[in-house]
Amino acid sequence: MSFARRDLMAAAAAGTLASAMPMPAMANPRELRVGVQTHARTLDFQAETGNNAAQFLDCLCDTLVEIDTRSATPRYMPGLATAWHSISPTVTEFRLREGVRMHDGTLMDADDVVFSLQRVFTPTEARYRGNHGRYFSNFARVEKQDAMTVRIVTHRPDPLVEALLSCRNAGIASKEQADALGLDRAAQSPAGSGPYRVGSFRPNAELTVERFADYWGPAAPLDRVRFTRVSEMAPRVTALLNGDVDFIVSIPPDQQAPIRARRGLRLVETTWPMFFLYVLNMNRPEIADPRIRRAMNLAIDRNALASALWGGKAHAPRGHYFRGFADHDFLNDLNLLPYDPAEARRLMRAAGYNGEEIVLSFQSAYYTYGDLGAQAVLDMWKDVGFRARLQVIEGFGQNSSRFFTRDWSNPLYYPDMLGAFDTHWAQASWVTRDKWFAPEKFPAYQPLYDAVRFGTDPQARRDAYRRLVILTETEMVPWVLLYQPAEAYAMRANIAWEIPHNVRPYQLPFRAGLVNVS
Amino acid sequence: MLVVTFAGARISGNPFDYLYDDGLTAEQRAELSAEFGLDRPLPAQFAAYVGALATGNFGVSIAQRRPVLDLYAEALPSTLVLAVSAFALTLAVGLPLGVLAAVRRGRFWGGVAMGVAFLGYAMPHFVLAIILVLVFGLALSWLPSVGGDTPWHYVLPTVTLAAGLVASVVRFLRGEMLEVMGQDHVRTARATGLSGPRVLWGHVARNAALPVLTIVGLQLNGLINGSLIIETVFALPGIGQTFVGAVQVRDYPVLQFGVMAYALVVVVINLGVDALYAVADPRIRRGGATRMAEA
């Protein structure tokens, strides 16, 4: 269910009405009540890779390698491992931190690490296949050396071991708890070692995390954080305005007015390193010719989309690189996605386009402004002469080969120039498995990918990534990048909280030093 | 009902298509299907399902891997509070307003009562919910708008849910009472010198009660329907959210239990209404019928 713009205008009007009123006092300054748009079905660190659970996992689990979320560029720090070094090009040894208490009262040791990471590296059960393909396909196994030492073995020498192990999906959970409760029950209340532990969890509805008194690091700054799902926008904004919650997420630009007008509240905005895009099925005969797919791209006025839908706060992409992400700054001169309807028409003619129907399939009410975006793109395609129609679907699932397009988001999963591209477009990803993405038809692709993924010379990696971005955008054309959507968080003005760096989009850090309630 | 629910769920899609955004390999799909018994022929699945039901085993959620009964049990209190309070409010407001609308027909208060009824009838739940949130939550800050922590949290959802039901009760009660008021026995009662209130409550309201009972029974079913939407808007963690979540990902066991439980509730309510007929109308009681026949 969703609400029309007029509801939001009413919200804005009422918000203006209420703007002169002071904010009610926080019920408990040591407890943060967060209204989230979506929630999670489980809290399984290793299996929950989506945007929903990403909001919560940082509170609950630690990783062997941690990352400085306040540094503009990635800076790795000891986490549950205090030191690590290479034994050979494919083997890295990690010395584990002593005395780390898990939420089930046990002490963290090599068995917990082997249990947790092995599930990610070589999942033996279907339900845990989630991040293996996207993240860790180069990781072979983790071996216990002694109680507090493990070795991680990769298939090929991997320069991104630290980056990947800093992801929350490489979080360490208690093996003892999983053995005692079984994986299913453990996934509802996993025993990690994070600064907060699960207090209560109602899947898809509410999660309360509580300060973990035995945390090995700096104590959590809050007694309790309660994440409640308030899926509808108007009640979510209202809940903040009248003091039912202290912090809300996902406020699109056209709904920010009542918050801006209210004293005692503040907005924190960002443009996450993430694309909203349509995957193009390269093997669908009607769009198998790359010139057709390129024409579909050139027909789109991305600045108009960013302006009309997002009030100018979204970024219009100019290639597969993120504006505002330090590791991609060297690509800022590239503009591979101009709005060029004349060139689009020329390519259609050259490819012999003869009015074949193009079907834009997307999931309604799935991504913010996804429906409006699809309608706008459809009109732009029609403007250059495509015969096109929309198809609303519930899910792609099995037999996805019949579709032309799929709406998707590509967040930066790990803090590296390849952190979005790799996790979505690697060989182990669904796009390759289901043959939507056909890199084998482009001999230049794999060497370039390998050079970026496994290269160690920074400049050579940058050069290879530049060529990879140009190749994919102009010759392979497996996607239609639409925009980097804007995201806004609203909170009481007495809450000091900033957008974290170097983490997966949507992660909500409430650790020591990252949030402060005055 | 079992067959329709079972088949309908499977026709609507496969849970793994919705639970795994990135799809599955054939091997992974086969492994998961085997885990939940979905690899067997449909008749065998159905037989297993019915057999399990017979032993009180309602299955395990495919999405959450928890017993279905647990999911509904923990969500039930919230929905129960909402439904009971909305029903109580419906009776407390709907019955007097219905009587008022009939007795004051054509006058100011009768018009007000019917105006309220039509407004409640015409306005969809989610629109009324938003208006109440904006007025009482946002503008006036009198009431909380999301969650279910305190009794105050249930005020707006209760009013929202009751609004449509009040409207129905008012409309039907008014209609029935007007019809009864025009009948001979009422005129006779007045002619015998009975006071207005005694005629109204003893002769009119009692006779109008039967059809209204039917409507109230049907409205009880509506409470459950309405709570599906209202729980979403007000972020109440009730069975509506549990059920809608199951439908979204085709979580067969949760979905099947939800439909079956709903059907059971409808049957029980209708039985209860039938039983109440006998209370409201002595002619329906068997003894009464026998006596009438003997006479």
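Here is how the numbers come out for the structure above:
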{"read-out": "Cβ-based charge dipole, region A:189-327, positive-most Cα from A:PRO221, A:PRO258, A:ASN297", "value": "A:ASN297"}
{"read-out": "Reference-scaled alpha-carbon Rg (2.2 N^0.38 Å with N residues) for region A:160-225", "value": "1.22"}
{"read-out": "Between region A:410-437 and region B:202-246, the alpha-carbon center distance in angstrom", "value": "48"}
{"read-out": "Hull volume in cubic angstrom per residue (convex hull over the Cα atoms of region A:91-193)", "value": "96"}
{"read-out": "Length gained when the stretch B:VAL112-B:ALA30 is fully extended (0.36 nm per residue, less Cα-Cα span)", "value": "23.2 nm"}
{"read-out": "Relative contact order of region A:159-207, defined on C-alpha pairs under 8 angstrom at six or more residues apart (%)", "value": "25"}
{"read-out": "Percent of C-alpha pairs per 10 Å bin, the protein assembly as shown, short to long", "value": "2, 12, 19, 22, 20, 12, 6, 4, 2, 1, 0"}
{"read-out": "Inverse mean reciprocal Cα-Cα distance (Kirkwood Rh) of region A:51-222, Å", "value": "16.4"}
{"read-out": "Spacing of the two label points (7 Å from each Cα toward its C-beta) at B:GLN183 and B:ILE131, in nm", "value": "3.6"}
{"read-out": "Calculated FRET efficiency for the pair A:VAL153/B:ALA73, C-beta based, R₀ 56 Å, to 0.05", "value": "0.75"}
{"read-out": "Exposure proxy order (Cβ contacts within 10 Å, fewest to most) of A:ASP289, A:ASP434, A:ASP254", "value": "A:ASP254, A:ASP289, A:ASP434"}
{"read-out": "Karplus 3J(HN,Hα) series, Hz, for region B:272-278 with 6.51 cos²θ - 1.76 cosθ + 1.60 (x for Gly, Pro)", "value": "x, 5, 4, 5, 5, 3, 5"}
{"read-out": "Top of B:LEU194, B:LEU80, B:LEU276 by mean-square fluctuation, Gaussian network on chain B, Cα under 10 Å", "value": "B:LEU194"}
{"read-out": "Efficiency of FRET from Cβ geometry, B:SER12 and A:VAL392, R₀ 25 Å, rounded to 0.05", "value": "0.95"}
{"read-out": "Coil-residue chymotrypsin sites (Phe, Trp or Tyr not before Pro) of region B:118-178, DSSP, other Cβ within 10 Å capped at 14", "value": "B:TRP142"}
{"read-out": "From phi via Karplus (6.51, -1.76, 1.60), per-residue ³J(HN,Hα) for region A:421-433 in Hz, x at Gly/Pro", "value": "4, 4, 5, 10, 10, 6, 4, 7, 7, 4, 4, 7, 4"}
{"read-out": "Ranked B:ARG107, A:ARG346, A:ARG202, A:ARG41, criterion: other C-beta atoms within 10 Å, fewest first", "value": "B:ARG107, A:ARG346, A:ARG202, A:ARG41"}
{"read-out": "For region A:449-457, Karplus couplings with θ = phi - 60° (6.51, -1.76, 1.60), whole Hz, Gly/Pro x", "value": "4, 4, 5, 7, 5, 10, x, 10, 7"}
{"read-out": "Peptide B:140-150, shielding by other chains (average Cβ, 10 Å cutoff)", "value": "6"}
{"read-out": "Student exercise, region B:2-54 dipole from Lys, Arg, Asp, Glu Cβ charges, in Debye to nearest 20", "value": "360"}
{"read-out": "For region B:68-280, alpha-carbon Rg over 2.2 N^0.38 Å", "value": "1.16"}
{"read-out": "Relative exposure of A:PHE322, A:PHE330, judged by other C-beta atoms within 10 Å (fewest first)", "value": "A:PHE330, A:PHE322"}
{"read-out": "Candidate lysines - alpha carbon under 22 Å from A:LYS175, same-chain residues fewer than 8 apart omitted", "value": "A:LYS144"}
{"read-out": "Rounded if a/c under 1.5, otherwise prolate or oblate - region B:5-86, Cα gyration tensor axes", "value": "prolate"}
{"read-out": "Point-charge dipole on Cβ atoms (K/R +1, D/E -1) for the protein assembly as shown, about Cα centre, debye to 20", "value": "2400"}
{"read-out": "Helical mean residue ellipticity (222 nm; -39500 (n - 2.57) per DSSP H run of 4+; nearest 500) of chain B", "value": "-23500 deg cm²/dmol"}
{"read-out": "A:ASN303-A:GLU440 FRET efficiency (beta carbon distance; Förster radius 30 Å; 0.05 resolution)", "value": "0.30"}
{"read-out": "Cα-projected label distance for B:ALA122 with A:ASP457, points at 7 Å along beta-carbon direction, nm", "value": "7.6"}
{"read-out": "5 angstrom amide H check on A:LEU280, placed H, neighbours 5+ away", "value": "A:TRP479, A:VAL480"}
{"read-out": "Residue-span extension gain [A:ALA180 to A:ASN335] - 0.36 nm each, minus C-alpha spacing", "value": "50.3 nm"}
{"read-out": "A:LEU32 long-range amide H proximity, modeled H, under 5 Å", "value": "A:ARG224, A:VAL225, A:ARG226"}
{"read-out": "Average Cα contact separation per residue, chain B, under 8 Å, 6 or more apart, as relative contact order %", "value": "26"}
{"read-out": "Stretch in chain A that is longest and holds no GluC sites (Glu not before Pro) that DSSP places in a loop and that have at most 16 other beta carbons within 10 Å", "value": "A:126-355"}
{"read-out": "Relative contact order [Cα under 8 Å, 6+ residues apart], chain A, whole percent", "value": "22"}
{"read-out": "GNM flexibility winner over chain B from B:LEU173, B:LEU134, B:LEU97 (Cα, springs under 10 Å)", "value": "B:LEU134"}
{"read-out": "Euclidean distance of C-alpha centroids, region A:154-177 and region A:283-310, integer Å", "value": "36"}
{"read-out": "Extension gain (nm, one decimal) between A:ARG467 and A:ASN494, 0.36 nm per residue minus Cα-Cα", "value": "5.1 nm"}
{"read-out": "Rounded if a/c under 1.5, otherwise prolate or oblate - region A:235-378, Cα gyration tensor axes", "value": "prolate"}
{"read-out": "For region A:451-488 versus region B:41-112, the gap between their alpha-carbon centres in whole angstrom", "value": "53"}
{"read-out": "DSSP bridge pairs, the protein assembly as shown: antiparallel proportion in percent, nearest 5", "value": "80"}
{"read-out": "Candidates B:GLY193, B:GLY240, B:GLY115, ranked by Gaussian network fluctuation over chain B, Cα under 10 Å, top entry", "value": "B:GLY193"}
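Taken together, the values in this text are just the output of simple stated rules run on the coordinates, not laboratory data. What you see is a predicted model, and the numbers here were worked out from it, not measured in a lab. As a convention, Cβ positions derive from the backbone with ideal geometry for all residues, glycine included, and neighbour counts pool all protein chains shown.
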